[in-house]
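These notes concern the structure reproduced below.
The values are calculated or read from the model by the stated rules, or taken from the named source; none is laboratory data. Since the structure is predicted, the reported quantities are computational estimates derived from the model, not experimental observations. Please note: Cβ atoms are built from the backbone with ideal geometry, for glycine as well, and neighbour counts cover all protein chains shown. Areas reflect the complete protein model, heavy atoms only, side chains present, ligands, DNA and RNA absent. Shrake-Rupley method; radii C 1.70, N 1.55, O 1.52, S 1.80 Å.
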Amino acid sequence: MGVFDAIGSEHHQSVHFGMDPASGLRSIIAIHSTVLGPALGGTRFYPYKSERDALDDVLRLSKGMTYKAACAGLRLGGGKAVIIGDPSEIGSDDLFLAYGRFVESLGGQYITAEDVGTTVANMEIVATQTRYVRGLLDEHCGSGDPSPATAHGVAAAQRAVAARLWGSQDLVGKRIAIKGVGKVGMALVEILSGYGAELIVADVKTTATEVAAREYGAKVVDVDEIHHVECEIFAPCALGGGLNERTIPELRCAAVVGSANNQLAVEDDGDRLRAAGILYAPDFVVNAGGIINIAAEEGGYSPDKANAMVERIFDNLTEILTTADRLDIGTHTAAEHVAEERIAAAATMEA
Ligand code: NAD
C-alpha cells in the first residue's frame, strides 16, 4: 500500500513530516480528526526499523486517540507524533527544541504530551518553543504524571462493571488479579485495597510485588499464572496483546478491566471473550484517566476538578455496556460505535 493509500484508508485528516538535519530529528505528526477539538496525543520516541513502520504506528495510534477522547466525552480530537531513533543516542536538547518548532508550526491543530520514550523533562524543553504541550510539571500549572488518574479511572471502570454484573459497585471482598504493578498498577492496588478488595498481583519485578504484598496485603503469584487465577476481575496493567487465542480459554474471571493499551492481540479476541462469557471493558475507555487529567488543564488544573472528570469513566463505560447489550454486539465494537456517533453528531452541528 502506498503512503497516500495508508493515510486515506483510515480517513486521517492530515499527516506532517518534520526534520532537522543538525539535530537528527525525523518526526511524523498524524492528525486523525479535529472534529471534536484539537488533536491531542503523546510523542513516541522509538528506533523504528523503517520509516514505513513509523508511519504505520503513528497512523494507528492517532486513530486510537480519536476514539479514546470521544468515548471519554472530551472536546478533543485524535493525533499522535513519532520521533524516529533511539532516545538514548539522539535525544538531545537541540532535537527537542527543533521538535517544539515543528509542533508550533501546526498552529495548535495538534497538542503534544509525553509518551513511550519521552519524558516530562523532554516536554519542558519542547514547551520553550510552543504553547501546544500538556502534562507539564506542576510548577508550570501542568497536571504532571497521569498514572494516578489512570488508576482512578480503572477503579471507576471496575465499579461500573461490578454494578452491571453483581448489582452493586461495591468491590469489598471481590477478588481482583492485577498483572503489572508499575505506575498505574501500584496506584490501583492502593485504591482497591482501600475498597476492601482481595488482591492478587504478578510482576516481572519482584521489588514491585514485594511492596504490594507488604504494604497492601496482596497475594503474589507468578507472571505466567496471573491470567488464570480464579477471580471476579482480571486487570491487565502491564503490556498490551495479553488477551489472545491461547490465553482467553485459560481465563477464570468474570470480567477483564485493566489499563494496558491494546489488550486484544487481534480484534477477534473481543468476540472470543464474549463467546467465553467474559465481560471485556474496552481498554481505551478504561484507561482514559490520563488523557482526561490532561484535558482538565483547560481553564486551570486542580486535582479535585480532574478527579471529578475522571470519575465520569463510570458513566461512559456504563453507556457502552448498555449499547453493547442493546445492539447485541461486542463491547469493543460498541465503544467504537459510541465514539463514531459522538463525532458524527459534532460534525453535523459544525456543518
Ligand atoms: P509501567 O512501566 O510503570 O508498569 C508496567 C509494569 O508491568 C512494570 O512494573 C513491569 O515490570 C510490569 N511488566 C512488564 N512485563 C510484564 C509481564 N510480562 N508480566 C507482569 N508484569 C510485567 O507502566 P504504566 O505507566 O504503569 O502503564 C501500564 C500500562 O497501562 C501500559 O500498557 C500503558 O501503556 C498503559 N497506560 C498507562 C497510562 C498512564 O497514565 N501511565 C495511561 C494509559 C495507558
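Think of a 1.4 Å ball rolled over the protein heavy atoms: the chain then has 44 Å² of accessible area per residue. Between the amide H of Ser14 and those of Ile31, distances stay under 5 Å, these residues lying 5 or more places away or on another chain, with hydrogens modeled in the peptide plane.
Overall, the accessible surface of region 93-175 at a probe of 1.4 angstrom is composed of carbon and sulfur to the extent of 51 percent. Backbone amide hydrogens, once placed in the peptide plane, bring Val133 within less than 5 Å of Thr112, excluding anything fewer than 5 places away on its chain. Assuming charge only on the beta carbon of Lys and Arg (+1) and of Asp and Glu (-1), the dipole of the chain about its Cα centre is about 360 debye to the nearest 20. Among Leu74, Leu192, Leu239, the largest mean-square fluctuation in a Gaussian network model of the chain (Cα springs under 10 Å) belongs to Leu239.
Each residue, Glu210 and Asp304, gets one label point 7 Å from its Cα in the Cβ direction; the gap between the two is 4.0 nm.
Could you work out the helix-only [θ] at 222 nm for the chain, with each DSSP H run of four or more residues adding -39,500 (n - 2.57) and the total divided by the number of residues, to the nearest 500 deg cm²/dmol? Using -39500 (n - 2.57) per qualifying helix, the result is -14000 deg cm²/dmol. Across the chain, C-alpha contacts under 8 Å between residues 6 or more apart give a mean separation that, scaled by the residue count, equals a relative contact order of 15 percent. Between the C-alpha center of region 13-43 and that of region 252-273 there is a gap of 29 Å. Note on region 55-151: with charges restricted to the Cβ of Lys and Arg (+1) and Asp and Glu (-1), its dipole about the Cα centre is near 660 debye. Pair-distance distribution of the chain: all C-alpha pairs, bin width 20 Å, starting at 0; shares per bin in whole percent are 30, 59, 11, 0. Computed from phi, the 3J(HN,Hα) profile of region 217-223 under the Karplus parametrisation 6.51, -1.76, 1.60 (θ = phi - 60°) reads x, 6, 8, 9, 10, 5, 5 Hz, with x in place of Gly and Pro. For Glu298, neighbours were defined as the other residues whose beta-carbon sits under 12 Å from its Cβ, and their charges (Lys and Arg +1, Asp and Glu -1) total +2.
Projecting the Cα atoms of Gly2, Val154, Thr34 onto the charge dipole of region 1-155 (Cβ charges, centred on the Cα centre) puts Thr34 farthest toward the positive pole. Taken one residue at a time, the phi angles of region 42-48 give Karplus couplings (6.51, -1.76, 1.60, θ = phi - 60°) of x, 10, 9, 10, 8, x, 4 Hz. Gly and Pro are set to x. Comparing Ser88, Ser23, Ser143, which has the greatest mean-square fluctuation in the GNM of the chain with Cα pairs linked when under 10 Å apart? Comparing Ser88, Ser23, Ser143 in a Gaussian network model of the chain, the most mobile one is Ser88. Each of Ala339, Val221, Val266 was placed along the dipole of region 215-351 (beta-carbon charges, centred on the mean Cα), and the one lying farthest toward the positive end is Val221. Given +1 at the Cβ of Lys and Arg, -1 at the Cβ of Asp and Glu and no other charges, the dipole of region 1-122 around its Cα centre is 460 debye to the nearest 20.
3J(HN,Hα) couplings calculated from phi for region 116-130 with the Karplus curve 6.51 cos²θ - 1.76 cosθ + 1.60 (θ = phi - 60°) are, in sequence order, 3, x, 10, 10, 4, 4, 4, 5, 5, 5, 4, 5, 6, 10, 8 Hz; Gly and Pro show x. A Gaussian network model of the chain, with springs between Cα atoms under 10 Å, assigns the largest mean-square fluctuation among Tyr110, Tyr195, Tyr67 to Tyr195. On region 200-276, 47 percent of the accessible area sits on carbon and sulfur atoms, based on a 1.4 Å probe.
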